[in-house]
Amino acid sequence: QLQLVESGGGLVQPGGSLRISCAASGSTLNYYAIGWFRQAPGKEREEVSCISSSGAVTKYTDSVKGRFTIARDNAKNTVSLQMNSLKPEDTAVYYCAADRQWWYDSSRCQGLSYDYWGQGTQVTVSS
């Protein structure tokens, strides 16, 4: 059974950078597409990024394009989200989630059904 744990959240000033990480146990993350989601108080959960199991395909929501970068580190069995030029509106709890992908379907970041979720890590952007 795949288990996910997020880490790296914290308090950062506007314009600053932060990298959060999703670490897996119980399975190999390269079997899974990984999505990063965030949820701010009073707002709906939003998918901000995805990386396919192969790493070949990534996507970003418009509000973070050019600022956030998702990447896999297969040796560490992790997926990171590098967040640059952070804005107060990026403040949220960030979650990673995983969707199993088979070898013949390893380059998708759409139509996913995420079965595994981490507990989240708080990112606060404030002066």
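The values are calculated or read from the model by the stated rules, or taken from the named source; none is laboratory data. None of these values were measured; they are calculated from a predicted model. Note that each Cβ is placed from the backbone with ideal geometry, even for glycine, and that neighbours are counted across all protein chains shown. Heavy atoms of the whole protein, side chains included, go into the accessibility calculation; ligands, DNA and RNA do not. Shrake-Rupley method; radii C 1.70, N 1.55, O 1.52, S 1.80 Å.
When the surface is traced with a 1.4 Å probe over the full set of protein chains, S7 keeps roughly 60 Å² accessible. For the listed peptides 40-47, 19-26, a ranking on the average number of other beta carbons within 10 Å per residue, highest first, reads 19-26, 40-47. Couplings for segment 47-57, taken from phi via the Karplus curve 6.51 cos²θ - 1.76 cosθ + 1.60 with θ = phi - 60°, read 7, 9, 7, 8, 9, 5, 4, 6, x, 6, 10 Hz in order; Gly and Pro are left as x.
Roughly how many debye, to the nearest 20, is the charge dipole of the chain about its Cα centre, given +1 on each Lys and Arg Cβ, -1 on each Asp and Glu Cβ, and no other charges? Numbers along the way, then the final one.
Details: 12 positive and 11 negative charges, 46 e Å.
Computed charge dipole of the chain: roughly 220 debye.
Protection proxy ranking of 52-60, 119-127, by the mean of other Cβ atoms within 10 Å over each peptide's residues and highest first, is 52-60, 119-127. Counting 0.36 nm for each residue step from Q110 to N30 and taking away their Cα separation leaves a gain of 27.1 nm.
So what is the relative contact order for the chain, in percent, with contacts set as C-alpha pairs under 8 Å and at least six apart?
36
Each residue, D62 and W103, gets one label point 7 Å from its Cα in the Cβ direction; the gap between the two is 4.0 nm.
The string of couplings for segment 27-42 from the Karplus curve (6.51, -1.76, 1.60, θ = phi - 60°) is 6, 9, 5, 6, 7, 10, 6, 10, x, 9, 10, 9, 9, 9, x, x Hz, one whole number per residue in order, with x for Gly and Pro. Taking the square roots of five times each eigenvalue of the Cα gyration tensor of the chain, the equivalent ellipsoid has semi-axes of 24, 14, 13 Å, listed largest first.
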